[in-house]
Amino acid sequence: MTTRVDAAWARRWITLAAADVASHRDYLIDLDRAIGDGDHGENMDRGFSAALAALESAEGASIADVLKTVAKTLMSTVGGAAGPLYGTAFLRASKAAAGGEELDGAGVAAVIAGALEGIQARGKATTGEKTMVDAWSPACEAARAAAAAGGDASAVLEAAATAAEAGARATEPLRATKGRASYLGERSIGHLDPGAVSTSLILRAAARAAAGQESA
Ligand code: ADP
Ligand code: MG
């Protein structure tokens, strides 16, 4: 368990996230094929493997540097709606992490809050619209609550990941009112939102990186 997280954690996070996105590539494609255009798995896999490659050659020594490199890479390599949304999320997360070598529970909660703010500034979605906001928003609330209860970085990330997973599952009965899935209207009901599912993978990777687990 890790009380505070550092730049090595941020790098482990992206390494684990890239591996999880790659192993769930076809699953994310299937989810997006049901209510979108089927490119989400490919988009995310391309973006996270590019982010990993960019980090390997980046000097960046701080958490903020790592997250900024990820943000820039996602914006330039991921097409569709998800690229700018995740790019803005990581950019705001990087800003929230600026100025410190390490983050405690409250610091990690602030990074997650930054990501949610970025997604909402960019995509204008609120909860219940069947988007990635339905995973990020409960994650942010759970992270804040865990930090307020005195949780360390690891506990806050665990709470966030668990809440994101529940949030993603809860998108199934929702009718999409934002993004490509909204074109389906009632027919978007009964499917998981791909972006909410990819969010839950990414936040679970963050928690595993802090818990010192190198694989699932
Ligand atoms: P596209 O929809 O352009 O094909 P992707 O398939 O990569 O892009 O991403 C789709 C995901 O993006 C959706 O599952 C949803 O979670 C997310 N999304 C779409 N529009 C928005 C929005 N306005 N706000 C938040 N998330 C959104
Ligand atoms: Mg798509």
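The values are calculated or read from the model by the stated rules, or taken from the named source; none is laboratory data. It should be emphasised that the depicted structure is a prediction, and the values quoted were computed from it without experimental measurement. Here Cβ is always computed from backbone atoms with ideal geometry, including for glycine, and neighbour counts include all displayed protein chains. Calculation scope for accessible area: heavy atoms of the full protein, side chains included, ligands and nucleic acids excluded. Shrake-Rupley method; radii C 1.70, N 1.55, O 1.52, S 1.80 Å.
With r as the distance between the Cβ atoms of A211 and S57 and R0 = 35 Å, compute the FRET efficiency 1/(1 + (r/R0)^6) and round to 0.05. Intermediate values should be presented prior to the final figure.
Working: r = 28 Å, r/R0 = 0.79.
Here the calculated transfer efficiency is 0.80.
Can you find, among S137, A160, T177, the residue farthest towards the positive end of the dipole of region 125-201? Put +1 on the C-beta of Lys and Arg, -1 on that of Asp and Glu.
It is T177, whose Cα lies furthest towards the positive end.
For the chain, what does the helix formula give at 222 nm: sum of -39500 (n - 2.57) over DSSP H segments with n ≥ 4, over the residue count, nearest 500 deg cm²/dmol?
Calculated at 222 nm, the ellipticity per residue is -22500 deg cm²/dmol.
Mind listing the phi-derived Karplus ³J(HN,Hα) values for region 203-209, rounded to whole Hz, using 6.51, -1.76 and 1.60 with θ = phi - 60°, and x for any glycine or proline?
Per-residue couplings from phi come out as 6, 5, 4, 5, 5, 5, 5 Hz.
So what is the relative contact order for region 155-194, in percent, with contacts set as C-alpha pairs under 8 Å and at least six apart?
Numbers: 33 pairs, mean separation 15.0, N = 40.
Result for region 155-194 is 37 percent.
For A135, what is the net charge nearby, where nearby means another residue's Cβ is under 10 Å from its Cβ and Lys, Arg count +1, Asp, Glu -1?
Net charge around A135: -2.
By how many nm would the segment from R33 to L184 lengthen if fully extended, with 0.36 nm per residue of separation less the alpha-carbon distance?
On the way: separation 151, 0.36 × 151 = 54.36 nm, distance 1.20 nm.
That pair, R33 and L184, stretches by 53.2 nm at full extension.
Would you report the distance distribution of C-alpha pairs in the chain as whole percents per 5 angstrom bin, up to the bin with the largest distance?
1, 9, 16, 22, 22, 16, 9, 4, 1, 0
Can you pull the one-decimal nm distance between simple spin-label points at T177 and A98, each 7 Å off the Cα toward Cβ?
Placing both labels 7 Å along Cα→Cβ, they lie 3.4 nm apart.
Expressed as a rounded percentage, what relative contact order does the chain have, with Cα pairs under 8 Å and six or more residues apart?
Once divided by the residue count of the chain, the mean separation gives 25 percent.
Using the heavy atoms of the protein chains and a 1.4 angstrom probe, tell me the accessible area per residue for the chain in square angstrom.
Per-residue accessible area for the chain comes out at 41 Å².
With charges set only on the Cβ (+1 for Lys and Arg, -1 for Asp and Glu), what does the dipole of the chain come to about its Cα centre, in debye to the nearest 20?
Approximately 480 debye in magnitude.
Taking the Cβ of A61 as the center, what net charge do the other residues with Cβ under 11 Å away carry, scoring Lys and Arg +1 and Asp and Glu -1?
-3
With a 1.4 Å probe and every protein chain kept in, tell me what percent of the accessible surface of region 7-211 is carbon plus sulfur.
Values: 4190 of 8010 Å².
Roughly 52 percent of what the probe reaches on region 7-211 is carbon or sulfur.
If I take every Cα pair under 8 Å that is 6 or more residues apart in region 116-216, average their sequence separation and divide by the length, what percent do I get for the relative contact order?
Normalised by residue count, the contact order of region 116-216 is 31 percent.
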